[in-house]
Amino acid sequence: MKRKSIIITALLISSLGSGALAQTVYPLYEGEIQNSIPNTIKEVVEVSKEGRSSLSKVTVPTIKVYLPEKNKATGTAVVICPGGGYVHLAMTHEGDQVAEEYRKIGVAAIVLKYRLPSNESMKDRSIGPLQDAQQAIKMVREHAPEWNIDPAKVGILGFSAGGHLASTAGTHFNTPVISNSKNINLRPDFMILVYPVISFSDSLTHMGSRNSLVGKTPTAKQIENYSNELQVTATTPPTFLVHAGDDKAVTVKNSLVFYQALLKKSVPAGLIIYPKGGHGFGLNNSTTPDKWFTHSVNWLISQNFLPAQSK
């Protein structure tokens, strides 16, 4: 699949504040989209009554870049992976809204519209999303000077299946699945994982996410490879985890086993477990006045990814 390398600049009126905010949408690949095959699939956009947009049948990946004002920029950046079971992307409450909150505190936020696994559009659907996550990290570091980003402060954040993608990027960075002739560092410097799918084991996984990525009859090797609690090493990035104990879609044990794996390897980790909240609450868990976003900022400060005045 070939397409022009263009930059689409969109001036959008933010639903989160007053005034016009500029975000820039970039195609993720120049020329051919890696691992893609010709197809006639058309992207589908659905908007809920709450105004939340959801995308499905995504075959053309992009990043939407939210840059803070230069006088507020901290140099820190985060690539955001919306969730949706590897079937759709919850672009509003697990993407744009989150990006805007980080932008406000001086963090460059990059919302990744990653390809959704499909045998019709990919040669190997199991690596498609990871290719896009690695490519996004690579692209952010390539553009670091012009976007006022410190290439040593580029993290990744993911929700639900997007959390699986983010944690895969954070545990598989030594195995590139993209072209990287310049040897750009693909390791995220930190991870923030919100009600993430971590494991592909039968007892822990969100079966819909697993089926979408590797099919209904995965091999034992595939299950092990994408059970990211088994892939943690001493070089896994520092990680902040958020989950609700009553999550019926993705059991909280996913976050627990990952946290334990991080501790075992002496990787700095933070964990917040809310008693209630279920799944898919985005920025705001309505069962509590507590804000995980604030905790994430404090954690980033404690790990020297943000200055103290970011609070």
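So which pairs qualify, if the first residue must be in region 284-311 and under 20 Å from G155 (Cα atoms), the second must be at pLDDT below 95, the Cβ gap must be under 8 Å, and the two must be at least 6 apart or on different chains?
Filtered contacts from region 284-311: V297/S310; V297/K311; N298/K311; L300/S310; I301/P307; I301/A308; I301/S310; I301/K311.
Counting only residues that are hydrophobic (A, V, I, L, M, F, W, C), touching a helix residue (DSSP H, G or I) at 6+ places or on another chain (Cβ under 9 Å) and under 30 Å from G215 (Cα atoms), give me the helices (runs of 4 or more DSSP H) lying completely in region 73-189 with at least 1 of them.
128-142, 161-171
Taking region 158-204 only, how many residues are of a type in the set (S, T, Y) and touching a Cys at 6+ places or on another chain (Cβ under 8 Å)?
0
For region 241-266, give me the residue count where each residue is of a type in the set (G, A, S) and touching a helix residue (DSSP H, G or I) at 6+ places or on another chain (Cβ under 8 Å).
Step one: of region 241-266, the residues of a type in the set (G, A, S) are 244-245, 249, 255, 261, 266.
Cutting the leftovers down to touching a helix residue (DSSP H, G or I) at 6+ places or on another chain (Cβ under 8 Å) gives us 261.
Result for region 241-266: 1.
Could you figure out which of (1) modelled with pLDDT under 95; (2) surrounded by 20 or more Cβ atoms within 10 Å (Cβ to Cβ) isn't true of P196?
That leaves (1) as the condition not met.
Do we find that V65 is closer than 16 Å to L112 by Cα, modelled with pLDDT of 90 or more and out of contact with any strand residue (DSSP E or B) (no Cβ under 6 Å at 6 or more places or on another chain) in this structure? Write out each step before concluding.
On the way: closer than 16 Å to L112 by Cα: yes; modelled with pLDDT of 90 or more: yes; out of contact with any strand residue (DSSP E or B) (no Cβ under 6 Å at 6 or more places or on another chain): no.
So V65 fails the test.
Tell me which residues, restricted to region 18-72, are over 27 Å from Q131 (Cα atoms) and assigned to a loop (DSSP other than H, G, I, E, B).
S18, G19, S48, K49, E50, G51, E69, K70, N71, K72 - these are the residues of region 18-72 that are over 27 Å from Q131 (Cα atoms) and assigned to a loop (DSSP other than H, G, I, E, B).
The values are calculated or read from the model by the stated rules, or taken from the named source; none is laboratory data. This is a predicted model, so every value here is computed, not measured. Every residue, glycine as well, gets a Cβ built from its backbone with ideal geometry; the counts of neighbours run over all protein chains shown.
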